[in-house]
Amino acid sequence: MASNINSKSARSKLLARREPYWSRIRTGLYIGYRKLVVGEGTWIARRQEDGMKQYRALGSFSDDRAYDIAVDAANEWNKSLEQGASNKVVTIEEVCRFYVENLKVRKTAASAADAEGRFKRLVYGKKIGHIQLSKLRATDVKKWFNAQVDLEDDDNDDEDIRKSKDSANRNLNSFKAALNLAMADAFVATDAGWKSVTVFKDVGKRRTAFLDMDQRNALITNCPEDLNSLVKAMLLTAARPGELAKLTVGDFNKSQGTIYLDGKTGRRTTTISTVARQFFTGQSKDKLRNALLLPQANGKRWVKDDWKGVFKDAVKKAKLPLDTVMYTLRHVAISELIMGGMDSLLVARLAGTSVAMIEKHYGHLRHHETRQKLDAVQMI
């Protein structure tokens, strides 16, 4: 029997019961409202065709337009079934797990392991993983995607952000591939819930700018005194700018020639060169133990928003390539260490990164050294 459930006041007069109060949307399609003793009621859709009934739970809606929202959801569900979608309720996590299993059969174990690793970090057991595929919205995917880029961490310089966006792009591609497979298998009729979410542009290629000695000196000369010190520290240590900005006088051990860094890869004690020890000795002169070692002129700690504009101005004045950023200095320092013959493990420890990263991005710098060693061996 049809009931008046299209207004909040009408629904408030209904008795609480397990059986929904039904209202016909049109022939073969109905919307039901289950009145609860306490709290918002729940909505359900019913579809009837050729004597067969199908149901879909729609959930609760606190909006005053709850009835209209429920009707829209019921119509969307009905349309998807008419287009051949399955009535089976599946979650995003289930979709991703099925995709991984499909990769094992259709592709390679390596590709399946790669996708599964991404989903374990970002989907399984997470909020987005619990969403029903039919209820996934582009806003859900955008929020999940953008959250993978941490713009608030001061240890993340421009290059760190670029790399995190590049990584997020790969995660999104795997995620959308899983969703596209679910659509191809008729678990959902449309890709409207994710099609409009696109990858970050121009983040796939790492910066490879290198500054020679004249360019470095020109940059240092054109930096204001406080930024000048931070720039020199980066070149002398290959550390991240956020790590160096946190340094206090107490983190510098003059007698041992070390600095104690605390950054995105954890804490580490780093040996520094004699020149670097002399530099930090000058920076620590007449300062208390808990004072910042490399502060701004106003005494505050550097954060990326403070150095970006000033550094960009210095780059222009020094007539350097415009893609030169603070991370370029770390790249330069690591490159010099590699070309100086230092092994990858030691460079990785000093820079606070992995050997794999060093070999991937800087291994090519060893070709000349390797060729010299090969030439010293007589083959034919």
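What to note about this one:
- Pairing each residue of segment 361-380 that is on the phi < 0 side of the Ramachandran plot with any residue that is exposed (fewer than 10 other Cβ atoms within 10 Å of the Cβ) and not in a helix (DSSP H, G or I), provided the two are 6+ apart or on different chains, yields C-beta distances under 8 Å for 369/341.
- Residues located in segment 181-220, provided they are of a type in the set (S, T, N, Q), within 26 Å of residue 234 (Cα to Cα) and assigned to a loop (DSSP other than H, G, I, E, B): 208
- Scanning segment 10-49 for residues that are in a loop (DSSP other than H, G, I, E, B) and of a type outside the set (D, E, K, R) gives 14, 15, 16, 20, 27, 28, 36, 37, 38, 39, 41.
- Residue list for segment 322-346, restricted to those being part of a loop (DSSP other than H, G, I, E, B) and in contact with a helix residue (DSSP H, G or I) (Cβ under 6 Å, 6 or more places away or on another chain): 324, 325
- Contacts under 6 angstrom Cβ, first residue in segment 284-311 being within 26 Å of residue 257 (Cα to Cα), partner surrounded by 14 or more Cβ atoms within 10 Å (Cβ to Cβ) and of a type in the set (Lys, Arg), 6 or more apart: 292/301
- Unmet requirement for residue 40, which otherwise passes all of (1) under 30 Å from residue 124 (Cα atoms); (2) among the charged types (D, E, K, R); (3) in contact with a Gly (Cβ under 8 Å, 6 or more places away or on another chain): (3)
- Looking across segment 50-72, the residues that are assigned to a strand (DSSP E or B) and either under 15 Å from residue 134 (Cα atoms) or touching a helix residue (DSSP H, G or I) at 6+ places or on another chain (Cβ under 9 Å) (or both) come down to 54, 55, 56, 57, 58, 59.
- Top-ranked residue of segment 87-110 - restricted to ones that are in contact with a helix residue (DSSP H, G or I) (Cβ under 9 Å, 6 or more places away or on another chain) and of a type in the set (S, T, N, Q), ranked as nearest to residue 137 (Cα to Cα): 91
- Matching residues in segment 261-318 - criterion: being closer than 24 Å to residue 353 by Cβ and of a type in the set (A, V, I, L, M): 261, 272, 275, 276, 293, 294, 303
- The criterion of being under 23 Å from residue 264 (Cα atoms), surrounded by fewer than 16 Cβ atoms within 10 Å (Cβ to Cβ) and either in contact with a Gly (Cβ under 8 Å, 6 or more places away or on another chain) or not aliphatic (A, V, I, L, M) (or both) does not hold for residue 373.
- Any hit, segment 347-358, residues being assigned by TED's automatic domain parsing to the domain that holds residue 252, outside any helix (DSSP H, G or I) and touching a residue at least 60 places away in the same chain (Cβ under 8 Å): yes
The values are calculated or read from the model by the stated rules, or taken from the named source; none is laboratory data. Bear in mind that the values here come from a model prediction, so they are computed numbers and not experimental data. Here Cβ is always computed from backbone atoms with ideal geometry, including for glycine, and neighbour counts include all displayed protein chains.
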